[in-house]
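Okay, so here's the structure we're looking at.
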Amino acid sequence: MTIHIGAKPGDIAETVLMPGDPRRAKWAAEQFLTDPVCVNDLRGMLGYTGTWNGNRVTIHGSGMGMPSLSIYANELLRDYGAKTLIRIGSTGAMQPHVGLRDLVIAMTCSSVSTPSSTIFRELSFAPCADYGLLRAAADAAADKGVATHIGGIYSSDTFYDERPDLNEQMTRHGILAVEMEAAELYTLAARHGARALAVLTVSDHLITGDALEGRERESSFADMVQIALTAAFPT
Ligand SMILES: O=P(O)(O)O[C@H]1O[C@H](CO)[C@@H](O)[C@H]1O
Ligand SMILES: O=c1cc[nH]c(=O)[nH]1
């Protein structure tokens, strides 16, 4: 047990899927895992371990924003020996050609800051995905026929953003979409010699203002979870 995760040693699998929303962790575990067992509920941050196609997997919430994800990812990597972390999250599209329900796989993550920024001082560290996971997720998405965009994303510290000028610069520089956790996830994985990837579903569009309804979210989130699992355990 750590300060924020109540799981016993051995309760957490080496592969962990991390949605921001703890209830998405419960939903995904119930939908996709065989014999899921709740291994953490401290602070309501749910984590489940079960198997997928015979492979042991944990699905654990990260909370919203990099400070929250950083706590859980640090403890999963340092104290529970996690080796592969895949974020499964929602994202807001920043390009006209990226549509609602499309998948975005984050190759790199730009940010204004992350909880790790202070250790880099003058260095502008470039958090990037594990290439093997990225390639496997791209293959899985292609096999499934899901519209998918692979490239740079923006990991923001704010949901209610007051910098339209910054968003304009990111759109201008090809950033596909915005979310709030992946840059720190990639940085921590690099520090701990682990693999990380973010597979995201477009839930809303910053340019058009369109947004998915609740039911539509569920079905497109299912594609994302399946693709993340297939990427973690390619056949
Ligand atoms: O759907 P999740 O995984 O929570 O991800 C996105 O949604 C939250 C904001 O509503 C932030 O956590 C953002 O990254
Ligand atoms: O962080 C997020 C997630 C979804 N949509 C957004 O606009 N921002």
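The values are calculated or read from the model by the stated rules, or taken from the named source; none is laboratory data. This one's a predicted model, so the numbers in the text were calculated from it and none came from an experiment. Note that we place each Cβ from the backbone using ideal geometry, even for glycine, and neighbour counts take in every protein chain shown. Accessible surface is based on the protein model in full, side chains and every heavy atom, while ligands, DNA and RNA are left aside. Shrake-Rupley method; radii C 1.70, N 1.55, O 1.52, S 1.80 Å.
Results, tabulated for the structure shown:
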read-out: Under-5 Å amide H pairs with CYS109, H placed in peptide plane, nonlocal only; value: ILE153
read-out: Highest-fluctuation residue, ALA29, ALA182, ALA190 considered, GNM on the chain with Cα pairs under 10 Å; value: ALA190
read-out: Length-normalised contact order for the stretch 15-232 - Cα pairs under 8 Å, 6+ apart - percent; value: 28
read-out: Karplus-derived HN-Hα couplings along the stretch 30-46 (A = 6.51, B = -1.76, C = 1.60, θ = phi - 60°), whole Hz, x at Gly and Pro; value: 5, 6, 10, 9, 8, 6, x, 10, 6, 10, 8, 9, 4, 6, x, 8, 7
read-out: For the stretch 1-105: accessible area per residue (Å², 1.4 Å); value: 41
read-out: GluC sites (Glu not before Pro) lying in DSSP loop within the stretch 186-222, provided at most 13 other Cβ fall within 10 Å; value: GLU213
read-out: Most positive-pole-ward Cα, MET94, MET107, ASN53, against dipole of the chain from beta carbon charges; value: ASN53
read-out: Linear extension gain, THR118 paired with ARG191, 0.36 nm per residue minus alpha-carbon span; value: 24.9 nm
read-out: Rounded percent of accessible protein surface that carbon and sulfur make up, the chain, 1.4 Å probe; value: 51
read-out: Between the stretch 60-87 and the stretch 88-114, the alpha-carbon center distance in angstrom; value: 20
read-out: Per-residue HN-Hα couplings for the stretch 141-154 [Karplus 6.51, -1.76, 1.60; θ = phi - 60°; Hz; x = Gly/Pro]; value: 5, 5, 4, 7, x, 8, 4, 9, 10, 10, x, x, 10, 10
read-out: Principal axis dimensions, the stretch 15-232 - Cα atoms, whole angstrom, descending; value: 47, 40, 32
read-out: Distant-in-sequence amide H partners of ALA7 (H built 1.01 Å from N, under 5 Å); value: THR2
read-out: Alpha-carbon centroids, the stretch 183-235 and the stretch 23-57: separation in whole Å; value: 17
read-out: Computed FRET value (nearest 0.05) for GLU168 with GLU30, which takes r as the C-beta separation and R₀ as 41 Å; value: 0.50
